[in-house]
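Laboratory data are not the source of any read-out in this text; all were calculated from the coordinates shown. Given the structure is predicted, the values throughout are model-derived calculations rather than measurements. Cβ: placed from backbone, ideal geometry, glycine included. Neighbour counts: every protein chain shown.
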Amino acid sequence: MADPPPPPPPSNKSYLTAPALPSTEVFYHAYLPSDHWDLVVFRNGEPCCNNEDIRFNYYGGWASLFAQVDKFRNFPGSLNQYRAELSTIYPWVMPKIYNSLKGGHSYIYKHDILLLMQYNLMDGHLQANEKNFPIMAITAIYMRTKEEALNDKCELVRYDKEKFEELKNRLESKTSNMTQHNRKHRLIKKTLDEVFEKVKKLLPVNSHDPEFTELRKHLQKFHQQTPVPQNVKYFENLVNVMDIILTDFDAFIDANPSLFRNGNDDKETLVVRLFDEVKCKHVFGYELMEELQRCGCNTVKLEEAIQAKDPTYSLLFQDVFKLLDGNPNIHFIAIPLPRTRKRAVWVPAIDGHYCISARDLVFEFVAWTVVKGLFQGASDEQRDNLMGILKGLRYLLDGYNNGYRMVLEADVKRIRKQIVDKCKAHGIAQPEHFKDIRRVIYCDTTEDGLKAELKYLGVDKVFPEILELADDIYKKPELKALRETDPYQTVENCQIQCIINRAGFTEFFVHSTTWFVR
């Protein structure tokens, strides 16, 4: 049997205090292609934009882009994955709750418990707004420090909704009645240093920032905007609110230690993720093996099935039960593979690694050639060279059919570099006179308008069949998914579909009722 992947190399996590990019900027740079980075600027860590820029239409508008980035960063361990600084606020979204195939049981990633605590905190009397940004930043430092105990490994645990509702209600009551609860902190010297020392005593020590440099940096920023001597009540209130929040968080963590450390003490219940895709449902062979071994179950048949397989090998759900001896109490947790309009969202693999579906990876490469306009006005030779590069990804899709349905992050980076290098070797680049899709497409959403835009982009000569496809998507019911998007995406879909058809990838991306599986 092949060895499982080695754990990621230890990191000093210097980015926690010396990030390459500040705050949430790292997520936008990870999501957007480099020539779209200038779409978004940041003020006080928050994204701002010129919403007149035509390139926003590729994402459905600026609001849609912001929502996509929120979804893109909403996975367990995302802050460390994107090397975000220590005080970066957790995504302002409700974390995913997953259901077991055995009814009545819900699960959550342990990393996401911290996200849930923040979400509940700022969903009542305290609101996630600019006024409360200091509270959210200090809470983020606390959360990231507590996250260290999970050692970057993502695990699922039973979700007890009542337990978290009780914590939410308790904090809501205390923070909305400050005159009655915990107004013990008063500022005597009325200085920034005094505020720093008081808040510092409330926080656990982060091993990567023992001097609390991130806390001091943020308090200094708040002090510059709202000087402490002139705003004593504001800073007293901040310290008292943080005392309430962190005291209750500490008590909750102390009362539920198993939720905030690695490992599962329940030897009777196996917890195994079931990746729930339209094309198939599958489980990681090694993940199933680990759970069977943890609970002392027989693994002989499974070992034979995954012998010499790579760590990302997965088993079809319908085949799993043939490999189990006896009747172990397995909770298969349905995990959909999340995607945004443009990108797949990272999924925790095992031992701190991340991965995405092989289908998603291939689709993103195809879509990338469209967004970059690499086929616009291409000669037959340029088209054939680029199609040859894309066809070379067939091995990923064949691997998908043979059990290698997920691709580790290290392999994703390697394959991306190979694609870019091959394009450079063939002189393939964005055309000098690159054309964006025009806004006029919103005014004429008929097949004639669609064909006119494809001609304007110069892809009708590259793919002569594309004009017939443009007609078909308005006439054939089975193609309606290609047009049931906004007009920009319909123009992209036509090009993507031509590429998929020519590459021979159709079977992997077309479904009888939805056409695109994505």
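What residues from the stretch 458-488 fall in the zone where the backbone N is under 16 Å from a label point 7 Å along the Cα-to-C-beta line of Thr446?
So the set is 470-475.
Give me the percent relative contact order of the chain, please, defined on Cα pairs under 8 angstrom at least 6 residues apart.
Relative contact order for the chain comes out at 15 percent.
Determine the gain in length on full extension of the stretch Asn256-Lys475; use 0.36 nm per residue of separation and subtract their C-alpha separation, reporting nm with one decimal.
In short, 73.0 nm is gained.
Taking the beta-carbon count within 10 Å as an exposure proxy, list Cys423, Cys355, Cys498 from fewest neighbours to most.
With the fewest neighbours first, Cys423, Cys355, Cys498 line up as Cys423, Cys498, Cys355.
Please work out how much length the chain gains when fully extended from Lys184 to Ala334, using 0.36 nm per residue of separation minus the C-alpha to C-alpha distance, in nm with one decimal.
Extra length from Lys184 to Ala334 when fully extended: 49.3 nm.
What list do you get for Met387, Met122 if you sort them by fewest beta carbons within 10 Å?
Least crowded to most crowded, the residues run Met387, Met122.
Neighbour counts of other C-beta atoms within 10 Å: give me Arg416, Arg439 arranged from fewest to most.
Arg439, Arg416
Quick one: if the Förster radius is 22 Å, what FRET efficiency do Glu46 and Asp193 give, using the C-beta to C-beta distance and rounding to 0.05?
E between Glu46 and Asp193, to the nearest 0.05, is 0.20.
Rounded to the nearest 0.05, what FRET efficiency is calculated for Lys455 and Ala308 with R0 set to 45 Å and r the Cβ-Cβ distance?
It comes out at approximately 0.30.
Sequence gap at least 6, Cα distance under 8 Å: using those rules, report the relative contact order of the stretch 99-260 to the nearest whole percent.
Relative contact order for the stretch 99-260 comes out at 32 percent.
For the stretch 410-488, please report how many Lys pairs fall under 21 Å Cα to Cα, leaving out neighbours fewer than 8 apart on the same chain.
11
Apply the membrane-span-like helix rule to the chain: whole DSSP H runs, Cα extent along the own long axis of at least 30 Å, mean Kyte-Doolittle hydropathy at least 0.0. List the helices found.
Once both thresholds are applied, what remains is 232-255.
Can you give me the distance in nm between label points at Arg439 and Arg170, each placed 7 Å from the Cα along the Cα-to-Cβ direction?
With each label point 7 Å from Cα toward Cβ, the separation is 5.3 nm.
Please give the contour-minus-distance gain from Asn298 to Asn12: 0.36 nm per residue of separation, less the Cα-Cα distance, rounded to one decimal in nm.
99.0 nm
Mind giving me the FRET efficiency for Ser106 and Ser64? R0 is 30 Å, r the Cβ-Cβ distance, nearest 0.05 is fine.
0.55
With +1 on each Lys and Arg Cβ and -1 on each Asp and Glu Cβ, and nothing else charged, work out how big the dipole of the stretch 99-260 is about its Cα centre, in Debye to the nearest 20.
Value, rounded to 20: 440 debye.
Charges on Cβ only, +1 for Lys and Arg, -1 for Asp and Glu, centred on the Cα centroid of the stretch 350-449; of Phe365, Val420, Phe434, which one is farthest towards the dipole's positive end?
Val420
Are there GluC sites (Glu not before Pro) in the stretch 424-476 that DSSP puts in a loop and that have at most 10 other Cβ atoms within 10 Å, and which ones?
Glu432
Find the centroid of the Cα atoms in the stretch 74-102 and in the stretch 159-218, then give the distance between the two in whole Å.
Going from one Cα centre to the other spans 22 Å.
What is the distance in Å between the Cα centres of the stretch 471-498 and the stretch 315-353?
31 Å
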